Amino acid sequence: MHSKRLIVAIIAVPLLFFYVTKLPPVFYLALLVLLSAIAQMEFNNMYRLNPLLSIISIVGGIFLLTTQYFLNDVSFNHQHEVVPTILIFFVMLITTVRLFQVRNPMDSLKDISPAVVGIVYIPLLLLPQWYIRLAGSEWIVILYGSVWASDSLAYYVGKGIGKKRLYYEVSPNKTIAGGVGSIIGGTVFVPLAAWGLGLFDSPKGFQLGVIGLGLIGFCIGFVTIIGDLVESMFKRDANIKDSGSILPGHGGILDKLDGVLFAGPVLYFIHLFLR
């Protein structure tokens with residue numbers, strides 16, 4: 001299992017690095033749309049969602065992400081209204097389809113909830129990455145690199161010296177030591193990556209210095225734990241171990257996105273604050 005994880009990482013990480021840094025932003029958006037659709041499919045399958053509602057939910061996520069690209073090329077005074085409008089439309093559509101598809105009202109909330117939560121939990125939380133990518137590919141590298149560093153250090157520290165459980169009811173294998181490792185991983189990685197990417201003396205780096213960038217890494221490392229626990233909460237509720245098996249040794253796409261689903265918005269909030 002460990003060797004499979006290592007092989008996938010060795011192949012995937014360089015490919016993703018060049019994909020993000022060498023291609024125009026629209027290619028990154030296309031990747032987000034693809035990953036979001038697969039992750040939503042995994043989430044919907046976890047809860048055995050009705051196929052039609054699952055398709056509508058996934059289409060809603062695709063609309064939510066792709067419309068952002070077209071808004072960049074038009075003069076539109078109400079761009080801030082697009083995201084809530086899409087959410088409102090697809091919530092109405094999902095509930096209406098359930099109303100007429102199944103005459104029995106029993107379990108209607110159980111049928112509708114995964115479809116609606118899936119749109120909010122996955123594509124909506126991935127959306128800030130598009131804005132981050134427009135600010136510079138360097139920040140996408142830092143985002144994913146710091147989350148992976150946090151996950152890796154959490155795993156090895158937790159496995160090596162972890163004893164006291166962090167949140168047994170949600171994720172029995174996670175330890176407090178692993179949580180500390182996650183925070184250390186993010187805190188150390190962000191300044192190192194910023195130095196390697198030349199952000200220290202660049203306006204894109206906001207001239208924060210080592211301490212400021214370390215604080216950003218601290219926030220990412222901390223919230224990565226939360227994102228991981230949230231997905232574990234859903235998986236335990238659905239009584240499954242992994243969201244899927246598309247990545248050998250890594251589980252599903254949602255299993256790999258769990259931390260970044262929360263870390264992405266936090267990094268975006270930091271960008272807004274620093275601006």
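The values are calculated or read from the model by the stated rules, or taken from the named source; none is laboratory data. Keep in mind that this is a model prediction, so the values were computed, not measured. Cβ placement follows ideal geometry from the backbone for every residue including glycine, while neighbour counts extend to all protein chains displayed.
List, please: which pairs have Cβ atoms under 7 Å, are six or more places apart or on different chains, and start with a residue in the range 58-69 that is farther than 13 Å from T85 by Cβ and end with one that is in a helix (DSSP H, G or I) and small (G, A, S)?
Hits for this filter: I58/A37; G61/S36; G61/A37; I62/A37; L65/S36.
With respect to S108, is the statement that it is over 21 Å from P265 (Cβ atoms), free of Cβ contacts under 8 Å to residues at least 60 places away in the same chain and either surrounded by 14 or more Cβ atoms within 10 Å (Cβ to Cβ) or hydrophobic (A, V, I, L, M, F, W, C) (or both) true?
No; evaluated as a whole, the condition is false for this residue.
When you look at E81, is it crowded, with 16+ Cβ neighbours inside 10 Å and not aromatic (F, W, Y), yes or no?
Here the answer is no, as E81 does not meet what is asked.
Name the one entry in Q129, Q207 that is crowded, with 22+ Cβ neighbours inside 10 Å and more than 23 Å from Y47 (Cα to Cα). Reasoning before the result, please.
Working: Q207 fails: crowded, with 22+ Cβ neighbours inside 10 Å.
One residue alone meets the criteria, Q129.
Restricted to the range 151-208, and to residues that are in contact with a Gly (Cβ under 6 Å, 6 or more places away or on another chain), outside any helix (DSSP H, G or I) and modelled with pLDDT under 90, which residue is nearest to I226 (Cα to Cα)?
Filtering the range 151-208 for residues that are in contact with a Gly (Cβ under 6 Å, 6 or more places away or on another chain), outside any helix (DSSP H, G or I) and modelled with pLDDT under 90, the one nearest to I226 (Cα to Cα) comes out as G162.
Of the residues S171, S113, S137, S182, which is surrounded by fewer than 18 Cβ atoms within 10 Å (Cβ to Cβ), small (G, A, S) and under 21 Å from the mean Cα position of the chain (by Cα)?
The match here is S113.
Would you please name the residue that is nearest to the chain's Cα centre (by Cα), looking only at residues in the range 32-51 that are surrounded by fewer than 16 Cβ atoms within 10 Å (Cβ to Cβ) and not in a loop (DSSP other than H, G, I, E, B)?
The extreme case among them is L34.
From the list V266, V230, which one is aliphatic (A, V, I, L, M), modelled with pLDDT of 95 or more and within 17 Å of G118 (Cα to Cα)? Give the steps one after another, and end with the answer.
Details: V266 fails: within 17 Å of G118 (Cα to Cα).
None of the others qualify; the one that does is V230.
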